[in-house]
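Any read-out appearing in this document is the output of simple, stated calculations on the displayed coordinates, not a laboratory observation. What you are looking at is a predicted structure, and each value in this text was computed from that prediction instead of being measured. Please note: Cβ atoms are built from the backbone with ideal geometry, for glycine as well, and neighbour counts cover all protein chains shown.
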Amino acid sequence: MVILRNISTTGTGEYVSIREAALRTKNIKRLVLYEPPIPVHGPLITDETLHRLDALLKSGDLETLLTTVMLDVIRIPSGDVVKQRQAPTWKDRVGLAHTFPRELRAANAYRLHPERFQDLKTPTLLMLGGNSPPMFKEAIEALASVLPRTRTVILAGQQHIAIDTAPVLFAQEVRNFLKDA
């Protein structure tokens, strides 16, 4: 039997399962959420962009699908996307790109209901890149206003991919939070 003690998430869709796990089990000691895709002021992605991603998926062009998500949805600067393409993890990311249309639809459909979190006792670290798009800042602020035990950390000079561009900084903030347990 595996007992979860600390959970960290950075991907789309994962925040829903983490939230549910935290609300339904006492085995989670800490949560770390990095820029969860929670729509605060309307959808995170337009129907037009979703249709474009669907067409790329249907054509099998997963690399362009991933690049489109990075540039048009997450709004990563093109220079950083070029660096990501050179990283050893690029091939794996391309292999997972087929999940983006489904996950982005799920994120668009999600609604934050504050009453669902009133009994949440799990300390939660909310992480935000200081240069990330407003949609991520809005999501972090919304979560901070409804989760009872949060700490927010701004990763100065970083964006949505700080786990790749500043892994030492990212890991240090997570370690600091978890060691306080």
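Only one of the listed residues (Leu104, Leu178, Leu125, Leu143) is crowded, with 16+ Cβ neighbours inside 10 Å and touching a helix residue (DSSP H, G or I) at 6+ places or on another chain (Cβ under 6 Å). That residue is Leu125.
Residues considered: Ile154, Ile163. Of these, the only one that is more than 17 Å from Leu44 (Cα to Cα) and touching a Leu at 6+ places or on another chain (Cβ under 8 Å) is Ile154.
Select from segment 38-63 the residues that are of a type in the set (Ser, Thr, Tyr) and either surrounded by 15 or more Cβ atoms within 10 Å (Cβ to Cβ) or in a loop (DSSP other than H, G, I, E, B) (or both) and list them in ascending order. Of everything in segment 38-63, those that are of a type in the set (Ser, Thr, Tyr) and either surrounded by 15 or more Cβ atoms within 10 Å (Cβ to Cβ) or in a loop (DSSP other than H, G, I, E, B) (or both) turn out to be Thr46, Thr49. Remark: Arg151 matches the filter, which requires a residue to be assigned to a strand (DSSP E or B) and basic (Lys, Arg). Quick check: is even one residue across segment 73-95 touching a residue at least 40 places away in the same chain (Cβ under 8 Å), surrounded by 15 or more Cβ atoms within 10 Å (Cβ to Cβ) and small (Gly, Ala, Ser)? Checked segment 73-95: no residue is touching a residue at least 40 places away in the same chain (Cβ under 8 Å), surrounded by 15 or more Cβ atoms within 10 Å (Cβ to Cβ) and small (Gly, Ala, Ser).
Inspect segment 115-122 for any residue being in contact with a strand residue (DSSP E or B) (Cβ under 8 Å, 6 or more places away or on another chain) and either within 17 Å of Gln158 (Cβ to Cβ) or assigned to a strand (DSSP E or B) (or both) and give the result as yes or no. The answer is no, given that none of the residues of segment 115-122 is in contact with a strand residue (DSSP E or B) (Cβ under 8 Å, 6 or more places away or on another chain) and either within 17 Å of Gln158 (Cβ to Cβ) or assigned to a strand (DSSP E or B) (or both).
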